[in-house]
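Any read-out appearing in this document is the output of simple, stated calculations on the displayed coordinates, not a laboratory observation. Since the model is a prediction, treat every value here as computed from it, not as a measurement. Here the Cβ is made from the backbone with ideal geometry for all residues, glycine too, and neighbour counts use every protein chain on show.
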Amino acid sequence: MRSEQQLLAELGIIDPTVQQAIIRGDTKLLVLDNSAHMDWDWLLPFHVLVSGGQGGRAQDYFVGFTGYPRAPAVAIVREAAHRLNTDRAYRYSLCETAFIRAVAGADPTAFAALKQAATTGNLFISGGGITSPDNVLTHGEAFIRNYLVGHRWLAANMPGLPPITNAWLPDDFGQAESNQRFGHLDGTVHMLLP
């Protein structure tokens, strides 16, 4: 396990005086993290969410009836990979392996850039299940299988990726009581409960 000083150094805080002030609590540290939970949204077919689309609902979705810009997964991954490969201080996290797998098929160049970025240690996978699991109604075996399928795909296709030490559990209007037990089955340390 890394020390507090090592973690702070990884964030670019290398002055020992500042590190000690943060550790003692004299100086506060706020970490803003890009958490790319690429929501399935259920408004468009998955392939449109991955690669984009023209006209109709896709046009409304990506151009902005919501008031904030959206982009297909290929564009998001391409931009994140570019930033990861050009800015050592940039960090990025992804949750659902299905989007990464789909980008690998739809845009091999963007996926290759993401793979390269994974070797820097600045790309983090939050959970790594093939999807964001329904964790209230799903049987435990299916819940664990979701993570196993995602983790196996990542291991086979993204060597050099840091170990996944957390589980992304989106709020499905509550959390199942048994969820806390699943976090220790595969060595996962942290449970992310938004």
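If the segment from Thr120 to Leu43 were pulled out straight at 0.36 nm per residue, it would be longer than the present Cα-Cα gap by 24.2 nm. Of Glu96, Glu141, Glu79, Glu4, the sequence from fewest to most neighbouring Cβ atoms within 10 angstrom is Glu141, Glu4, Glu79, Glu96.
Spin-label model, Glu141 to Thr165: label points 7 Å out along the Cα-to-beta-carbon direction sit 3.2 nm apart.
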